[in-house]
Amino acid sequence: MVMFLNKVGKNQLSARQILLDPVLCLAFGFGSGLAKKAPGTFGTLAAVPIYLVLIQTNLWIYSVVTLLCSVVGVWICGIAADKLGEHDFGGIVWDEIAGFLITMWFVAFSWQNLILGFVLFRIFDIIKPWPIKWIDQKISGGFGIMLDDVIAGLIAGLVLVLMHLI
């Protein structure tokens, strides 16, 4: 059984084409978005090593990198959608990477928090409660691809912080 997609998007790009194109490689989370099943979950998993490196720095650096991932992600996801010929293709997972970094932004590191943050982010990203679902359906382009995951990350992070206050 093949675990990775052979041809991707309406333009039928190969995995090789995606991995060799710097923008598509980023958009596909360094290849994690090529998973046939649950590419968003694999994309979020790709964010974990990035998070583990960033927590070794200070809050200022974490914040700048997270904001840059989110802002540049609008461009990355928009270009990727154009190259694939398909809006918000499931394999575009840069938005999951940014969303997970946002989830963990103001939470002290612990393995328990990492797992809880991962699960909460995936729940909000998959279920898409209001306003996430509305954003996902109504806002297009790279901004739309990114925004629903940014909001999912903010909500998941808020829930995680509130869990520690209760």
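Among the residues of the range 89-106, those that are in a loop (DSSP other than H, G, I, E, B), buried (at least 18 other Cβ atoms within 10 Å of the Cβ) and free of Cβ contacts under 8 Å to residues at least 60 places away in the same chain comprise 104, 105.
Pairs are defined by a Cβ separation below 6 Å, a sequence spacing of at least 6 or placement on different chains, a first member in the range 1-27 that is of a type in the set (D, E, K, R), and a second member that is outside any helix (DSSP H, G or I) and loosely packed, with under 14 Cβ neighbours inside 10 Å; the pairs so defined are 10/85.
Quick grid of which residues meet (1) surrounded by fewer than 21 Cβ atoms within 10 Å (Cβ to Cβ); (2) in contact with a strand residue (DSSP E or B) (Cβ under 9 Å, 6 or more places away or on another chain):
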| position | (1), (2) |
| --- | --- |
| 3 | yes, yes |
| 6 | yes, yes |
| 10 | yes, no |
| 20 | yes, no |
| 25 | yes, no |
| 44 | no, no |
| 52 | yes, no |
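Remark: residue 82 matches the filter, which requires a residue to be of a type in the set (Asp, Glu), more than 16 Å from the chain's Cα centre (by Cα), on the phi < 0 side of the Ramachandran plot and not in a loop (DSSP other than H, G, I, E, B). Residues in the range 130-161 that are more than 14 Å from the chain's Cα centre (by Cα), in a helix (DSSP H, G or I) and within 18 Å of residue 84 (Cβ to Cβ): 141 alone.
A residue that is assigned to a loop (DSSP other than H, G, I, E, B) and touching a residue at least 24 places away in the same chain (Cβ under 8 Å) can be found somewhere in the range 49-57. Looking only at the range 109-129, residues that are part of a loop (DSSP other than H, G, I, E, B) and modelled with pLDDT of 95 or more come to 2 in all.
The values are calculated or read from the model by the stated rules, or taken from the named source; none is laboratory data. Computed from a predicted structure; not experimentally measured. We place every Cβ from the backbone using ideal geometry, glycine too, and count neighbours over all the protein chains shown.
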